[in-house]
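There's a structure below that I have some questions on.
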Amino acid sequence: MTNVWRLDTLPSEILIIIFDYCHAFDLVRLSEVCKRFYNIVQDDTLWIKKSKLPLVTNQISKRFRDRCNPLLCLRQKWHVSRNWECGRYMERTLFWERSKLMPWIQLKQNSLWWGANVQILGYRRTEYFDAYDFFHNSMYSKDVCKFVVKDNYVISGHVDGMLEVQEIRGKGSFSSRNAHNSDINAVDATDYVILTGSNDGNVKVWPIGMHMDDISVPYGTIPIFPFSAHIPLSDRVWSLAADPTGVKFAVGLSGNKNKSPLHIFDIECYNESDVLRHCWRKGAGVLGIVWEDPNTLLTCGYDTYVRKWDLRTALCVNSWPDPTDATVYCLSSDHAYTMVTGTQYHSKAVLWDQRQKNFVQHVFFSYHVDIFCS
């Protein structure tokens, strides 16, 4: 009688080659067949390629990993990504603000920042998030329009046109400047400059002394020098963002004038470095900008689309319409495949895969809250 070939008797090297053709969910089922299959599937060898494909959890980009907590093991990425795609999640209220306001949040590796009204709070990211476990609490005289956390500093723009910079740790240094004549709707920073944009139609570039040790300033203050550039755009500025290299920055306007609502400027010479070609309709203001890399960026806004731009061709290379035709107020990206957008109305967040035309999942939250992501 001839010996019967059985799959579980094959050498491990052969099984790994066979299993490599299987889908991730089939591997999970195979791991339940026997102890030998379980040990092979548990090894990282089969998951190296597959771990770069899932949404949300692929963690390919270093910029994205820098704000991830925790970093997932290769196999766990598929489980968590599947929960995102199927809309399986636990909803819990972390913070409640009764007054009607336009909040802004920013996520860091070890902290979550929330700002609205006259307050900016910094929370520790722990396994069990405690809304009372905050390590930073800034109170201001006027409402916060937009803020950004850069290194050890919180940089905020306010409705009265004030630009304020506060140190998070250390001696708690604080500085402020009367930067604009109206609301500062957009703020970003590089290692050496702060960028601000306002309702008054102006963008300003402010040199800062955070990294200049030879500057003598009074104790407890941060040197913000007079603006080195003033760029008049004659249209309300809604958003701006510096590219990852700190060489360029993008500006989003309201789109109510006879000019493009999206502009790219050089930080060093302050000239418009790239002219993007697109047929914009009037009022298609740009509310959110995210740089994927120095050559590509994502935008969203009043035209209800998320658009991807390639500066090498100066064209919109892809676009995704909101499923409910709502204004897209903000977006976030993993700088690989995943995008998450938020709308003010319907308390809706939408998950996108840049490799697909249609959205993957959308979630309507049970509490009536506006969605603003960063």
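The values are calculated or read from the model by the stated rules, or taken from the named source; none is laboratory data. From a predicted model like this one, the values you see are computed outputs, not experimental measurements. Note: ideal-geometry Cβ built from the backbone for every residue, glycine included; neighbour counts use all protein chains shown.
Given the conditions (1) assigned to a loop (DSSP other than H, G, I, E, B); (2) farther than 23 Å from Asn110 by Cα; (3) modelled with pLDDT of 90 or more; (4) of a type in the set (Val, Ile, Thr), report the number of the one that Thr57 does not fulfil.
(2)
Then there's this: Out of the residues in segment 36-50 that are among the charged types (D, E, K, R) and either part of a helix (DSSP H, G or I) or on the phi > 0 side of the Ramachandran plot (or both), which is surrounded by the fewest Cβ atoms within 10 Å (Cβ to Cβ)?
If we take residues in segment 36-50 being among the charged types (D, E, K, R) and either part of a helix (DSSP H, G or I) or on the phi > 0 side of the Ramachandran plot (or both), then Asp44 is surrounded by the fewest Cβ atoms within 10 Å (Cβ to Cβ).
Output the residues belonging to segment 1-35 that are within 18 Å of His79 (Cβ to Cβ) and surrounded by 12 or more Cβ atoms within 10 Å (Cβ to Cβ). First the steps, then the outcome.
Taking segment 1-35 as the starting set, the residues that turn out to be within 18 Å of His79 (Cβ to Cβ) are 19, 22-32.
Result: Phe19, Cys22, Ala24, Asp26, Leu27, Val28, Arg29, Leu30, Ser31.
Taking segment 263-285, which residues are in contact with a Lys or Arg (Cβ under 9 Å, 6 or more places away or on another chain) and assigned to a strand (DSSP E or B)?
Ile264, Phe265, Asp266, Ser273, Asp274
Please list, ordered by first then second residue, the pairs with beta carbon atoms under 7 Å, 6 or more apart or interchain, first in segment 7-35 and part of a loop (DSSP other than H, G, I, E, B), second not charged (D, E, K, R).
Asp20/Leu46; Cys22/Leu30; Ser31/Phe37; Ser31/Tyr38; Ser31/Val41; Ser31/Gln42
Further, regarding this structure: Which of the residues belonging to segment 178-194 are within 19 Å of the chain's Cα centre (by Cα), over 17 Å from Gly255 (Cα atoms) and free of Cβ contacts under 8 Å to residues at least 60 places away in the same chain? Explain how you work it out, then say what you get.
As a first pass, look at segment 178-194 and keep what is within 19 Å of the chain's Cα centre (by Cα): 185-191, 194.
Of the ones still in play, those that are also over 17 Å from Gly255 (Cα atoms) are 187-191, 194.
The answer is Val187, Ala189, Asp191, Ile194.
Failed condition for Asn256, given (1) buried (at least 17 other Cβ atoms within 10 Å of the Cβ); (2) closer than 24 Å to Ile184 by Cβ, with all others met?
For Asn256, the exception is condition (1).
Condition check: more than 27 Å from Asp235 (Cβ to Cβ), within 21 Å of the chain's Cα centre (by Cα) and aliphatic (A, V, I, L, M). Does Val154 satisfy that?
yes
Kindly evaluate Glu292 against the criterion of being acidic (Asp, Glu), at pLDDT below 95 and in contact with a strand residue (DSSP E or B) (Cβ under 7 Å, 6 or more places away or on another chain). Full working, then the answer.
On the way: acidic (Asp, Glu): yes; at pLDDT below 95: no; in contact with a strand residue (DSSP E or B) (Cβ under 7 Å, 6 or more places away or on another chain): yes.
Here the answer is no, as Glu292 does not meet what is asked.
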